[in-house]
């Protein structure tokens, strides 16, 4: 009995009727108020018109293909798939029984042959279209009989979405012109927009049933398994998509983190691509800092008015590792002092070739006492302090029991041949849009130490004020050699986002980079990855790390200079790095080009300095 029967008293017993209402009515009211999936995904309103559908604040129009040319080229559908518009595509493929198709072909061949014979009997000129149709039908019939081809009823439907009628008209004309240039014609599903829309949404119902007969070969050219498009509304130009020649425009600061890694063999264009990104990033008010192990960024720094610091044993530029940054608003002096002490312990492990647990404890205590002799404590104001030097640390260690071995190993940094390196007050100011630290002239044994000190100095500077920055660490495998430097690089990759910092890690030795326990974590904490030409010795490691297909593997082995694969988030495309003539003159690393530029400069200077007649 229904609720209405119960409510309107069709039961003889009023008490029984009342009880039924109380038990049935709440249950049915509860069930009628359940929120189902279709209620969640359905638009706020729906209006069905003869030419389009109004879906909430969007307009949708469905089209179907009515005609194909005699020949379809591979990837002819790629321009549509890669179109930077909002649309859905549905392809229905219905197999046709081969015996039925052969019977239909028999009739069609007979019709065409009859028309040819009639024209010949009347003495008319041969019709090339009839002859071509007869040859195509005969060839296809032979392939069907030999099971080399199959026939299908194919329906291809496209639903386009827009904000208004004008935008919808523009998108429709753009798609039509692209298809008609290939002799493929489409029509809107007039008075069938509802069936057309239902045919395109992913429920697998072909309600429109507008089919064209295709055999296997042209059907295979329709499937839209083509590359992703990485063209966004803002960002810098990284290169050209090698699949469809579209521009790869991307903003690294739009991702969940701002880090990137670049792997490439020597001479494949990794530094060139990085310098190109730097040059274009500077135009978007991004500060860039570079750790340069090969002195490749000196000319770029000169060209853009940046600063270039040469860190070496004979250099006039010094960085004191005992420097302390001024605490931020969200941290205390105690936090800064503790953090710097931990980093100094890691530095001394690197400088002294490792420390035993006992030596580690001694060094930690000695650092605190070294700061204390300069009246620097957890309650000090770091604004106008004079930080201690490495020689002060040596003096404190000399008075501590069990420190003899540490002091002996430290002497070469304080009084020996390496004393000019870090036993000096800092005199480096990086208050510029573009700053380069070069460690090329540093001894190979000291390069990891120099890179650790420089990155720590940069990190302290970055933490002072929030600003969009990019830190480039070229030849990062130097830092991956030591666990302490690799750990510090990884911590910057994890914590950089908090300070609006993007870390760009570049290396040519992918195998050594991945051997480090921090190699894979740095890669996974980088939203952008650029893989350029690779050597056979490292390709297996990269294939496993990045889940490359065999085709992508061989693409990297056979790529030219500046070519590879660009990963951004979940998308990746084949890339070719391109630059303008002016950019190329600034960032080139080609020795022949550099000599030509220097020669031209020398000739120009000679002309300018010559006395005028």
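Scanning the range 193-204 for residues that are surrounded by 13 or more Cβ atoms within 10 Å (Cβ to Cβ) and in contact with a strand residue (DSSP E or B) (Cβ under 8 Å, 6 or more places away or on another chain) gives 193, 194, 196, 197, 199, 200. Checked against (1) over 17 Å from residue 72 (Cα atoms); (2) touching a strand residue (DSSP E or B) at 6+ places or on another chain (Cβ under 8 Å); (3) exposed (fewer than 15 other Cβ atoms within 10 Å of the Cβ), residue 185 passes all but condition (1). Number of residues in the range 242-258 that are surrounded by 15 or more Cβ atoms within 10 Å (Cβ to Cβ) and in a helix (DSSP H, G or I) equals 2.
In the range 156-164 there is no residue matching the filter, namely being over 21 Å from residue 83 (Cα atoms) and in contact with a strand residue (DSSP E or B) (Cβ under 6 Å, 6 or more places away or on another chain).
Kindly establish whether residue 25 is at pLDDT below 80, more than 14 Å from residue 158 (Cα to Cα) and not assigned by TED's automatic domain parsing to the domain that holds residue 175. The answer is yes for residue 25.
In the range 277-394, counting only helices (runs of 4 or more DSSP H) that sit wholly within it, the ones holding 2 or more residues that are within 28 Å of residue 414 (Cα to Cα) span 333-351, 357-372. Taking the numbered list (1) over 17 Å from residue 423 (Cα atoms); (2) surrounded by 18 or more Cβ atoms within 10 Å (Cβ to Cβ) in turn, residue 389 passes all entries but (1).
In the set (1) part of a loop (DSSP other than H, G, I, E, B); (2) modelled with pLDDT of 90 or more, the condition left unmet by residue 437 is number (1).
Please count how many residues of the range 463-481 are outside any helix (DSSP H, G or I) and crowded, with 20+ Cβ neighbours inside 10 Å. So the answer is 8. Got at least one residue in the range 135-143 being surrounded by 11 or more Cβ atoms within 10 Å (Cβ to Cβ) and under 46 Å from the mean Cα position of the chain (by Cα)? Yes, the conditions are met somewhere in the range 135-143.
Selection of first residues in the range 352-364 that are surrounded by fewer than 18 Cβ atoms within 10 Å (Cβ to Cβ) and of second residues that are in a loop (DSSP other than H, G, I, E, B), restricted to Cβ pairs under 7 Å at least 6 apart or on distinct chains, gives the following pairs, ordered by first then second residue: 358/402.
Only one of the listed residues (549, 545, 524) is assigned by TED's automatic domain parsing to the domain that holds residue 514 and touching a residue at least 12 places away in the same chain (Cβ under 8 Å). That residue is 545. When restricted to residues that are farther than 17 Å from residue 171 by Cα, part of a loop (DSSP other than H, G, I, E, B) and touching a helix residue (DSSP H, G or I) at 6+ places or on another chain (Cβ under 9 Å), the range 42-74 contains 7. Of the numbered criteria (1) over 27 Å from residue 195 (Cβ atoms); (2) free of Cβ contacts under 8 Å to residues at least 24 places away in the same chain, the one residue 112 fails is (2). Contact annotation: residue pairs with Cβ atoms under 8 Å, 6 or more positions apart or on different chains, pairing a residue in the range 132-147 that is over 20 Å from residue 95 (Cβ atoms) with a partner that is outside any helix (DSSP H, G or I), are 132/70; 136/70.
The values are calculated or read from the model by the stated rules, or taken from the named source; none is laboratory data. Given the structure is predicted, the values throughout are model-derived calculations rather than measurements. Glycine gets a Cβ as well: all are built from the backbone with ideal geometry, and neighbour counts include every protein chain shown.
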